[in-house]
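J.: Right, I'll just put the structure down here and ask away after.
The values are calculated or read from the model by the stated rules, or taken from the named source; none is laboratory data. Remember, it's a predicted structure, so these values are computed and weren't measured experimentally. Neighbour counts are summed over all protein chains in view; Cβ atoms, including those assigned to glycine, are modelled from backbone coordinates with ideal geometry. Only protein heavy atoms, including side chains, enter the accessible area calculation; ligands, DNA and RNA are left aside. Shrake-Rupley method; radii C 1.70, N 1.55, O 1.52, S 1.80 Å.
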Amino acid sequence: MATALQEFLITLKEKVNIIEVAGGYLNLERRGNAYWACCPFHHEKTPSFIINEADQYYHCFGCGESGDVIKFVRELENIDFMDAVKLLADKAGLQLPQTGFDNQKTVELKRKRDTILKIMNDCAHFYLDNLNSGKAEAHIEYILKRKIPSNIVRTFGLGASLNYTDLPKFLLSKGYSKQDIIDSGAVNEVDGRLVDAQGGRLIYPVINAMDEVVAFGGRVLKKTEFAKYKNTKETLIFNKSKTLYNINLLKRLRKTQTIKEVIMVEGYMDTISLYQAGFKNVVASMGTSLTQEQARLVKRYADTVLISYDGDGAGQKANMRGLEILKSEGLNVKVVPLPEGLDPDDVIKQRGAEGYQKCLDSAMPLIDYKLKSVGRGLDVTKTEDKRRYVSEAIKVIKTADSAAEQEELLKQLRDSTGITYESLKRDLSALPEQTKPEPVKETVRKDLSSVTVKASRFVIAAYLFGAKYAQDKDITEIPFDNDVHTIIAKYLGSKKLLDEKVQTSELFEFFEEKTPEYNELCKILDLNDGNTLSNETSERYFDDCILKLRLNFLDGQIAALKTLCESESDVNKRKENALRLQELIKQKEKLKSGEK
């Protein structure tokens, strides 16, 4: 890494406060000198994710994830290192240095990505200009028909494609290469000719959480054999399964207020109608089955998601797997019942915001929705339908999270079918346990490290986090047998010599991520939990750890000298080694007696 970049990163971290950055993504709770939250990297109900403002780093005591503000942004935004640096630099008002450290392949990939982003941004402005050109009569007519006001048109950046040829000509005139234009997904090549991939359609820009235009959705304006809606193909910057429509505006909303729940709909117009009606906490899956990536994206903003898909029983039932994915990521999933045959846009148009709010108020837990789904189309007054319903309903009830919930649902099933509670409970008990999906477990890591490694970690942590009993000892004199511990000890020792404050976040620059060394650093950070370093026995344990390390060092020297004695043929050298061996054994006995 170039020196200029190293210096820049130090300046950047001084300018950007990790608490302010993290507060834009997580609900932080201050406890003493630290901030706590539920970890964004694994499912948990009890916060174990700590952010240390003084030392500018984060650490999860549950899953072990650790890092500085750059890594935090990189992981949460799913971007590379330099993009995270650029985002933070923009926030701090700093100019990136000219000297980089990317290899040729990385440089080309970054050039390609930046170029495609510029192309998509130019396309968005091109479509917007078309809409305001006076030539987009059909597009304006559709907007007026759907009663979308001009301020909402601007908010969502709606635009118009007038034909198949103008966009390719426009992009070529801007100096973009043919290949970059095709790779952007905005333009296709058909029989050697470049054509607008959204030719003739009303345009909905898809904008990511970084406020970058990454794709377009297009709607046809008249009946045709083509699909009503069409999305940009997957590209270097657009992966539909990792994107949610309106996530950019949800992120802005998160900066102004706490979001308790996110409404998830299927399409563009549902999103726009709800937003216009005041339900700004809305995103759309853009018609795809929900994915794990989308679930994790939603969880950054709220723990509860309200699924508000079309009031079409068959359509909602088909999305059951996606709902299970949301639940598996620790989200509280509720399903919003809509009138049969209506979508959220229809409800807003016909019944207004109050009518839709009543639907939200009736949102049912996922398990209740599943019970309703298995009964759809069945008549429980008919013997055959009742048996089928009971059989399927019991399978659903078996997946309930608790015995209390099972009991409540069995009573509801009893009331709706007339079958005795005792009979239903016997049938429930007869089902094999494996029909119940595995609950999401909070991460618990086992430490199988050796005694000396654990001792080394405690000693390093005591120095690193300023334990009083550690400050009068010279850490560089302690014989660590692990290179990671030795490197950190030298860092701490050099800071003390220069009388400089120890900055924990700087340690993340010493080791490459996902290496044994980086993982070892995270284990050391685990020890800064509660009063681990400052309870009644901490100082005594600290001294014991140093003793263990010194004895371990002597044991290694003694073993090596014994081997040397056995292999040495020269009599005089054997005597020298024997004397040295006796001296080491005396040192060991002296240490051990001091222990007593």
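Residue by residue, here is whether (1) among the hydrophobic types (A, V, I, L, M, F, W, C); (2) not in a helix (DSSP H, G or I) holds:
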position	(1), (2)
ILE488	yes, no
SER505	no, no
LEU521	yes, no
LEU533	yes, yes
LEU591	yes, no
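J.: Here is a list of conditions, (1) open to solvent by less than 30 Å² (accessible area, probe 1.4 Å); (2) of a type outside the set (Val, Ile, Thr); (3) at pLDDT 95 or above, and LEU253 meets all of them except one; can you say which number that is?
T.: The failed condition is (3).
J.: Now for a separate question. Between a first residue in segment 383-401 that is on the phi < 0 side of the Ramachandran plot and a second residue that is hydrophobic (A, V, I, L, M, F, W, C) and at pLDDT below 85, which pairs have beta carbons less than 7 Å apart while being 6 or more apart in sequence or on different chains?
T.: From segment 383-401, the pairs are LYS386/VAL380; TYR389/VAL374; TYR389/VAL380; GLU392/VAL374; ALA393/VAL374; VAL396/VAL374.
J.: Which one is most open to solvent (accessible area, probe 1.4 Å) among residues in segment 566-593 that are of a type outside the set (D, E, K, R) and closer than 13 Å to LEU554 by Cβ?
T.: By that ranking, first place goes to GLN582.
J.: On to the next question. Considering segment 239-250 alone, what residues qualify as being assigned to a loop (DSSP other than H, G, I, E, B) and either crowded, with 18+ Cβ neighbours inside 10 Å or in contact with a Gly (Cβ under 6 Å, 6 or more places away or on another chain) (or both)?
T.: Of everything in segment 239-250, those that are assigned to a loop (DSSP other than H, G, I, E, B) and either crowded, with 18+ Cβ neighbours inside 10 Å or in contact with a Gly (Cβ under 6 Å, 6 or more places away or on another chain) (or both) turn out to be THR243, LEU244, ASN246.
J.: OK, next. Can you name every one of the helices (runs of 4 or more DSSP H) wholly within segment 284-385 that holds 2 or more residues which are modelled with pLDDT of 85 or more and either touching a helix residue (DSSP H, G or I) at 6+ places or on another chain (Cβ under 6 Å) or open to solvent by less than 30 Å² (accessible area, probe 1.4 Å) (or both)?
T.: So the answer is 292-299, 320-328, 344-361, 366-374.
J.: I've got another one for you. I'd like the full set of residues that are small (Gly, Ala, Ser) and either out of contact with any Leu (no Cβ under 9 Å at 6 or more places or on another chain) or at pLDDT below 80 (or both), limited to segment 557-593.
T.: Passing the criteria: ALA559, ALA560, SER567, SER569, SER593.
J.: Please note which strands (runs of 3 or more DSSP E) are completely contained in segment 146-238 and include at least 3 residues that are in contact (Cβ under 8 Å) with a residue 40 or more places away in the chain.
T.: 202-207, 213-219
J.: Right, here's the next one. Of the numbered conditions (1) within 31 Å of the chain's Cα centre (by Cα); (2) crowded, with 17+ Cβ neighbours inside 10 Å, ILE475 satisfies every one except a single condition; which is it?
T.: ILE475 satisfies every listed condition except (1).
J.: Exactly one of these conditions fails for VAL262: (1) more than 18 Å from the chain's Cα centre (by Cα); (2) assigned to a strand (DSSP E or B); (3) more than 22 Å from LYS135 (Cα to Cα); (4) not charged (D, E, K, R). Give me its number.
T.: Of (1) more than 18 Å from the chain's Cα centre (by Cα); (2) assigned to a strand (DSSP E or B); (3) more than 22 Å from LYS135 (Cα to Cα); (4) not charged (D, E, K, R), only one is false for VAL262: (1).
Residues are listed down the side, and each one gets a yes or a no for (1) under 39 Å from the mean Cα position of the chain (by Cα); (2) small (Gly, Ala, Ser):
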{"site": "VAL484", "(1), (2)": "yes, no"}
{"site": "SER534", "(1), (2)": "yes, yes"}
{"site": "TYR541", "(1), (2)": "yes, no"}
{"site": "LEU561", "(1), (2)": "no, no"}
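J.: State whether the residues of segment 40-58 include one that is under 24 Å from LEU249 (Cα atoms) and either under 21 Å from the mean Cα position of the chain (by Cα) or assigned to a helix (DSSP H, G or I) (or both).
T.: Scanning segment 40-58, I find at least one residue that is under 24 Å from LEU249 (Cα atoms) and either under 21 Å from the mean Cα position of the chain (by Cα) or assigned to a helix (DSSP H, G or I) (or both), so the answer is yes.
J.: OK, next. Given the residues THR486, THR504, THR476, which is the only one that is closer than 19 Å to SER66 by Cβ and among the hydroxyl-bearing types (Ser, Thr, Tyr)?
T.: The unique qualifying residue is THR504.
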